[in-house]
Each structure stands twice: as C-alpha cells, then as structure tokens.
Amino acid sequence: MNLETFVQALPKAELHLHLEGAVNAQTFLKLARKNGTTLPSFAEVEELYRYENLVDFLQVYDLVAKSVVDADDFHLITYEALAHVANAGGRYAEFFFSPQVHQDAGVAYETMFAGILKAMDDAEHDFGLVSRVIPALNRELSIERGFEFLDLVLPFRSDKVIGIGLDYDEEPFPPAPFKAVYDKAKRAGMRLTAHAGEGGPAANVRDALDLLGAERIDHGYRVMEDPDLVARCIADDIAFTVCPSSTVILTRWRDLAAGDHPIRAMLDAGLKLVIDTDDPPMLQTDLAKEYRLLAEAMSLDRRTLAQLALNSLDAAWLDESLKREWRAAWAIEVDRLLAAEADA
Ligand code: ADE
Ligand code: ZN
C-alpha cells in the first residue's frame, strides 16, 4: 500500500481547523460576489490565498470571514469544510470559528450558530462525520470583548458547542490577560484550548496551561525552548495540535525536513502530537496530505503514523464512553492496516 493510500485509510480526527480558513477559493469568490465584499484585484481567485506570514494571512482570513453573512452562507462553508475532512479520511472534527469578526460585520450570533449547527447535523446525517464546534476568541481584541464573547456564546453551550479557543496573532498578544475570561468559561462547563508557542515564547505555553487552564495546546512549537516545560507536558499527557503546512507557510520554520524543525523535535522528545490542517484550502492542504507531508519529510514509519492517528482520538473532547467505543474500533482498523503492510 503506498503512503497516500495508507494515510487516507487511517482513521483520523481533525482537532485544529478554523472554519473561516476552510473556505475554498471558489466558494469565497461566490460569497464575496453575493454579499458585495470588495476584493483586491486578482487574475485567478487562488492568488488571494498566498501570504508571506501569519499577519498577512490573517488579513485574507478576515476578508473571507466578512464574505460569510447569512445562515445559508454559514451552512455552506461548514458543510463544505466537514465534507473536506471526510474526503481525507477524517472520522471526527472539532473546529474553531471566529464569531467576533462576523459580529463586527453586523452578523448576529443566532445567525452564525443557526447555519453552523444545521450543517453539523446535515454532515452527520449525510456522510457520517460527527463534529463539535469551538468558538475562538480573537486575542487582538480587548478583554471586555472577551467577556462579551462569552455572554453571547455561553447560551449556545451544548454537546456540540463544547469549548473555547484563543487565536490570531500571538506574538504581540500573550495569553495571560485572558485568564479571567477562561475562568468564567470553565465555570460554565466549557472545555479549554489556546494557540500558544506558535509565534510567542514557551512562557506562553506555560501560561496557557497554568493561567488559562488549557487542556490542549494549539501549535505549541516554542515549548521546545523550555526543557522543564517539555518534561511536564509529557508527564501531564498534554496534547499539541500541530499543523505541518501551516508551519511552512506561516512561521519561520519553512523546511519540514530540517533537523531542527520543531515538529521533529517535539516527536523525538516524546510529546503527544496530533496532526491537523489549521486552514486547509487556504494552505492548499487536507488532513491526509498533512500526515503524508510529515511522513515524507521526517521519514516516519507506518507505526508512528498510526500512533499519531490514535492520538487524535485520545485528545478529542468526545465523551469518554463514546471514545472508548471508537478507540476499540479504530484500533482494529489500524491493526488491519499495519498487518496488510507487513504482508505486502
Ligand atoms: N487563525 C487561523 N489560523 C491561525 C493560526 N495559524 N494562528 C493564529 N490564528 C489563526
Ligand atoms: Zn490555528
């Protein structure tokens, strides 16, 4: 079985995908025309999906977000994003969305959730992809906006709206100021994750864990600058949702095959990693491709890839009894795939 077939067949969960970063270029164009969003000039719409760095990327991300206006638009982008996960062999998805950017464009939270939740039900019904949504705070906005975000999000808390995240540009906006917002979300029963150590230092990973109470870390690459923190994350079984193409396109680690690429170092150190896409069409990728790129660049064997796929279920926020059931079924599938490899 070639690598492409193997990674496609592996049962995988996607735990780090931004809804607005998962809008394909053609859908972006269609929604922008429908809703009158002004776009920069381009010859091919795909040209809009090229960036120099994260800050550059986030400007396009906001433009995509502003082209999504009514409940049907939210339904369309969610349904397409979930279909994209399923087409890459994803069995389950937890995805972020950015309510504040839509709110600033005048969209009501009810409108966003109506489209998103309906699409999640439709995806489960039509092609069996179970999903959960994680509204994420824009760390570049104020703490007051953070509390307002909670006031608007918490009424939607359910088994489908399971937690909160923290995203946008980390370097100038560390996690610590969001402690009180995270405390309130936790008291309301939300699960907690945060982008940390993507552009900011290892101290941000520590603060995300200790101050915010994050249960997982999104990206987390710069944790490698603090060996004590690495040891503590291993001991506490903290999962890191790492995104290979995202590092190549949006960070300073542009060569996945380099010996000092942080994902290589994190794997070698024994941290629990989950492979994810971040913003699949905006980064020209899908979930299976991320596993393949990593395997090719880092010469990972099939057993390691299988372990990474099982990690993705382990780190998911599904309830424990369902997780146990799925884990048993996935383990059988994985064993069969590995046995087929051994026989080949
Ligand atoms: N939003 C979408 N992708 C992101 C990333 N890689 N970092 C921070 N915020 C994001
Ligand atoms: Zn992200």
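The values are calculated or read from the model by the stated rules, or taken from the named source; none is laboratory data. The structure displayed is predicted, hence computed values, not measured ones. With ideal geometry, Cβ positions are generated from the backbone for all residues, glycine too; neighbour counts draw on all protein chains shown. We work out accessible area using only protein heavy atoms, side chains counted, and drop any ligands, DNA or RNA first. Shrake-Rupley method; radii C 1.70, N 1.55, O 1.52, S 1.80 Å.
For the residue pairs LYS66/LYS118; LYS30/LYS323; LYS66/LYS160; LYS12/LYS66; LYS30/LYS184; LYS12/LYS184, the C-alpha atoms sit more than 27 angstrom apart in LYS30/LYS323; LYS12/LYS66; LYS30/LYS184; LYS12/LYS184.
What range in the chain is the longest one free of GluC sites (Glu not before Pro) that are in a loop by DSSP and have at most 14 other Cβ atoms within 10 angstrom? The reported range is 141-344. Just name one of MET224, ALA136, ALA176: the one whose Cα is farthest towards the positive end of the charge dipole of region 128-276 (beta-carbon charges, Lys/Arg +1, Asp/Glu -1). Farthest along the dipole direction, towards plus: ALA136.
For region 326-331, backbone phi angles converted through the Karplus equation (6.51, -1.76, 1.60; θ = phi - 60°) give residue-by-residue couplings of 5, 4, 4, 5, 5, 4 Hz, Gly and Pro being listed as x. Say R0 is 30 Å: what FRET efficiency, to the nearest 0.05, do ARG50 and ARG232 get from their beta-carbon distance? According to the calculation, E is roughly 0.20.
Residues whose amide H lies under 5 Å from that of GLU14, counting only those 5 or more places away or on a different chain, are ARG91, TYR92, ALA93, GLU94; hydrogens are built 1.01 Å from N in the peptide plane.
Rounded to the nearest 20, the size of the Cβ-charge dipole of the chain about its Cα centre is 440 debye, with Lys and Arg at +1 and Asp and Glu at -1. Here region 3-343 has 50 percent of its accessible surface on carbon and sulfur atoms, given a 1.4 Å probe and all protein chains in place.
Result for the chain in a Gaussian network model with C-alpha springs under 10 Å: among ALA288, ALA202, ALA108, the largest mean-square fluctuation is at ALA108. In a DSSP loop and with at most 11 other Cβ atoms within 10 Å, the trypsin sites (Lys or Arg not before Pro) in region 169-253 are ARG252. Note on ARG303 and ALA257: with the Förster distance fixed at 22 Å, the Cβ-Cβ geometry gives a FRET efficiency of about 0.60. In nanometres, what is the gap between the two model label sites at ASP72 and ASN35, each 7 Å from Cα along Cα-to-Cβ? About 1.4 nm separates the two model spin labels.
A 1.4 Å probe run over the protein chains yields, for the chain, 39 Å² of accessible area per residue, whole-number rounding. Please identify, among LEU15, LEU322, LEU308, the residue showing maximal mean-square fluctuation in a Gaussian network model of the chain using a 10 angstrom Cα cutoff. Greatest mean-square fluctuation among the candidates belongs to LEU322.
Over the chain, DSSP H runs of length four or greater, each weighted -39,500 (n - 2.57), average out per residue to a 222 nm ellipticity of -15500 deg cm²/dmol.
Scanning residues 5 or more positions from GLY163 or on other chains, those with amide H under 5 Å from its amide H are ARG191, with H placed 1.01 Å from N in the peptide plane. On full extension, the segment bounded by ALA328 and HIS125 gains 70.8 nm, given 0.36 nm per residue less the C-alpha separation.
When only Cα pairs below 8 angstrom with a gap of at least 6 residues are kept, the chain shows a relative contact order of 20 percent.
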